[in-house]
Amino acid sequence: MAIPASLGLTRSELAAIEALALRLSHDERHLSRLGAFKAAIEGRQTKIIAALLATGMEAHGPVYPLLLIVQSMATIGDLYRRCGIGDDVRDATLSDVRRWVDEHEARNGGEFGLSQIFWIARHLSCRIVQIGSLQFEPKPFGYPYRIYQARGSDSPLVLAEAGIGCDGLGYLDEERPAFVTALTEDGVTVSAHQVDCLSGSISSSLESYPLDDLCLLCDRETEILNVHIPKGVDFTPEAVSASLRGAAEHFPSSRLFVCTSWLLDPALGGVLDEASNITRFMRRFSKFPVPFSVPQLYERVFGYGVEEIRGLPATTGLQRAVQQAVEAGVVFRTMGGVVPVRGASPPC
């Protein structure tokens, strides 16, 4: 099998894939699944790709998804060319397979394989591409907010839709809300609860805004560019800016970048230096609250599956800073954020 270097597989890993390929070379179920897998890639059918990877993994173990991917590389390459994506972007995108092979190993006692299949299916169907340091996914916004550009303002105006339960601080609380948002529109004004774009909290006050002064950039159905941050990439402000510029050129019709991440939590500004790469990334975005159960920060900073950080050994400066902040009563949140695509023409 011809295996591209972009997957980053070692000789021993390649040998494991080759051995499985040999064992299944005359297996009718595998050959049928492989044909369906290639057809799903050609049709960019992400859910079918993920389902085939999942059923194959159940039948043959975590090496099997890699076998399907390797045996379909010609089809994947054809799809990327058909989508107008160059070899450098294709290779950068597919290198995420290596990251998740490493993640599978770390979570499963050194076992070789790939289990993050529903995520990788997006890369195989060319729904996500990596441009520079960041990954980008065109998709509907999906969150219960309207994002406007107010006349004479450089910052977006984020208004909550009706029916969002909030606690007394303006963060999401559907079980015991202190207030529930409302939104009305009469053709002249829109009345709604504004989101504080620095803290990501929703105001308890209903305010009115003249529609003539507003340009609607985004609602639930508007396609935006979802931003994902791969592990271990160059995260300097210069690299991030270059990535955003590249994405704006690659997706010329897009007007907004949207990201949902622990990296956007404003609370990080209290534990990290203002000059840190994380803080400078967080400051780029206008914030809005999103649902979460355990702060994503716990897993990313302390390890997979962590739900409580008190008492855990802290071996890095960031871990110590986060623990001290929690002990002091700081609440960390996974946060959404939006930043307009520079140079994009407004819809109105």
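The values are calculated or read from the model by the stated rules, or taken from the named source; none is laboratory data. In this text, all values refer to a predicted model and were calculated from it rather than measured experimentally. Cβ: placed from backbone, ideal geometry, glycine included. Neighbour counts: every protein chain shown.
Residue by residue through segment 305-348, note down the ones that are of a type in the set (S, T, Y) and either modelled with pLDDT of 85 or more or in a strand (DSSP E or B) (or both).
Hits for segment 305-348 are T315, T316, T334.
When you scan segment 200-304 for strands (runs of 3 or more DSSP E) that lie fully inside it, which ones turn up with 2 or more residues that are free of Cβ contacts under 8 Å to residues at least 24 places away in the same chain and not assigned by TED's automatic domain parsing to the domain that holds Q324?
Strands (runs of 3 or more DSSP E) meeting the threshold: 207-210.
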Members of segment 14-45 that are hydrophobic (A, V, I, L, M, F, W, C), closer than 15 Å to P62 by Cα and either in contact (Cβ under 8 Å) with a residue 24 or more places away in the chain or surrounded by 19 or more Cβ atoms within 10 Å (Cβ to Cβ) (or both): A16, I17, L20, A21, L24
Some residue of segment 88-105 being basic (K, R), within 27 Å of the chain's Cα centre (by Cα), at positive phi and not assigned by TED's automatic domain parsing to the domain that holds F251: no
Where K231 falls short, out of the listed (1) modelled with pLDDT under 95; (2) of a type in the set (D, E, K, R); (3) under 14 Å from V338 (Cβ atoms): (3)
Near pairs, Cβ below 8 angstrom, 6+ apart or cross-chain, from segment 318-338 (in contact (Cβ under 8 Å) with a residue 60 or more places away in the chain) to any residue that is among the aromatic types (F, W, Y) and part of a helix (DSSP H, G or I): F332/W262; F332/Y298; T334/W262; M335/W262
Qualifying positions in segment 110-119 - surrounded by fewer than 16 Cβ atoms within 10 Å (Cβ to Cβ) and either outside any helix (DSSP H, G or I) or of a type in the set (D, E) (or both): G110, E111
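Please determine whether any residue of segment 156-172 is more than 24 Å from A54 (Cβ to Cβ), of a type in the set (S, T, Y) and in the same structural domain as T189 (by TED's automatic domain parsing).
Checking segment 156-172: at least one residue is more than 24 Å from A54 (Cβ to Cβ), of a type in the set (S, T, Y) and in the same structural domain as T189 (by TED's automatic domain parsing).
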Count - residues of segment 286-320 that are surrounded by 17 or more Cβ atoms within 10 Å (Cβ to Cβ) and more than 30 Å from L159 (Cα to Cα): 4
Qualifying positions in segment 321-348 - surrounded by 14 or more Cβ atoms within 10 Å (Cβ to Cβ) and either closer than 30 Å to D213 by Cβ or within 18 Å of the chain's Cα centre (by Cα) (or both): R333, T334, M335, G336, G337, V338, V339, P340, V341, A344
Residue within segment 10-31 that is at pLDDT below 95 and in a loop (DSSP other than H, G, I, E, B) present: yes
Matching option when the condition is under 18 Å from the mean Cα position of the chain (by Cα) and surrounded by 16 or more Cβ atoms within 10 Å (Cβ to Cβ), among L272, L268, L263: L263
Any helices (runs of 4 or more DSSP H) falling wholly within segment 46-109 and containing at least 1 residues that are without any contact (Cβ under 8 Å) to a residue 12 or more places away in the chain and within 23 Å of D27 (Cβ to Cβ): 46-60, 73-82
Sole exception among (1) in contact with a Lys or Arg (Cβ under 9 Å, 6 or more places away or on another chain); (2) at pLDDT 95 or above; (3) loosely packed, with under 14 Cβ neighbours inside 10 Å for S201, by number: (3)
Residue within segment 143-156 that is over 23 Å from A344 (Cα atoms), surrounded by 12 or more Cβ atoms within 10 Å (Cβ to Cβ) and in contact with a strand residue (DSSP E or B) (Cβ under 6 Å, 6 or more places away or on another chain) present: no
